[in-house]
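Student: Sharing a structure, written as structure tokens. Questions coming.
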């Protein structure tokens, strides 16, 4: 995750600003969340470093339902619950799992040359740009809840660990 530190900092700054611009949180709420976010960054707890998680769970300044409704109604984004997806290894996509943690984004399917991505960070332009450049712009975006994202990332970690164990046994 350390290699994604700059992306984490930039994407969270943009996400916070976008939520203020759209009236989802106040400037004061964002400033309070930013303090906690920077504490996580300084402690190198990069998995925990998220303005969104801080606003939702620590300061409780944001209702996730309001954010999801905004994504659907104002941003015309579809929603997906990753708990209903048969998740697989990310290795065939040539995507690093730490990037998924850093951006709260998962490629969950690919049809021909188009990737389906679920994200909690749609409002963060650096996240969208990074993924679209990485995947050559062939992306269909979906929003998802933070709990859905976390469970999916943990499940993919388990899939990768099982693959690593199987590969070690084959050697």
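What follows draws every value from the coordinates through simple rules; no lab data is involved. From a predicted model like this one, the values you see are computed outputs, not experimental measurements. So basically every Cβ, Gly included, is an ideal-geometry build from the backbone, and we count neighbours across all protein chains shown.
Student: Under the rule a/c < 1.5 gives rounded, and otherwise a/b versus b/c splits prolate from oblate, where does segment 82-170 land using the Cα gyration tensor?
Tutor: Cα axes put segment 82-170 in the prolate bin.
Student: If I model a spin label at residue 89 and residue 72 as a point 7 Å from the Cα along the Cα→Cβ vector, what separation in nanometres do I get?
Tutor: Distance between the two pseudo-spin positions: 3.6 nm.
Student: Going out from 0 in 5 Å bins, what whole percent of all Cα-Cα distances in segment 2-62 drops into each bin?
Tutor: It works out to 4, 22, 33, 24, 12, 5, 1, in whole percents.
Student: From the list [x] 120; [y] 170; [z] 152, can you say which value of volume of the Cα convex hull per residue in Å³ was derived from the structure given?
Tutor: Only one listed value fits the structure, namely [x].
Student: Between 0 and 90 degrees, rounded to the nearest ten: what's the tilt of helix 64-73 against the longest Cα principal axis of the chain?
Tutor: 80 degrees
Student: Can you give me the distance in nm between label points at residue 158 and residue 39, each placed 7 Å from the Cα along the Cα-to-Cβ direction?
Tutor: A separation of 3.1 nm, rounded to one decimal place.
Student: Next up: Between residue 98 and residue 132, what is the spin-label point distance in nm, taking each point 7 Å from the Cα along the Cα→C-beta axis?
Tutor: Taking the two extended label points, one gets 2.7 nm.
Student: Continuing with the same structure: Sum -39500 (n - 2.57) across every DSSP H segment of at least 4 residues in the chain, then divide by the residue count to get the 222 nm mean residue ellipticity, nearest 500.
Tutor: Helix-only estimate at 222 nm: -16000 deg cm²/dmol.
Student: Using only the alpha-carbon atoms, how far is helix 146-170 inclined from the longest principal axis of the chain? Give it as 0 to 90 degrees, nearest 10.
Tutor: Here the helix axis deviates by roughly 20 degrees.
Student: Assuming R0 = 25 Å, can you tell me the calculated FRET efficiency for the pair residue 169 and residue 81, based on Cβ-Cβ distance, to the nearest 0.05?
Tutor: That gives a FRET efficiency of 0.15.
Student: Which angle from 0 to 90°, rounded to the nearest 10, does the C-alpha axis of helix 5-21 make with the longest principal axis of the chain?
Tutor: Around 40 degrees separate the two axes.
Student: Go through 34-41, 91-98 and give me the packing order, highest mean Cβ count within 10 Å leading.
Tutor: Descending mean neighbour count gives 34-41, 91-98.
Student: A further question on this structure: Once the piece of chain linking residue 64 and residue 13 is laid out straight, how much longer is it, given 0.36 nm per residue of separation minus the C-alpha distance between them?
Tutor: Result: 16.5 nm gained on full extension.
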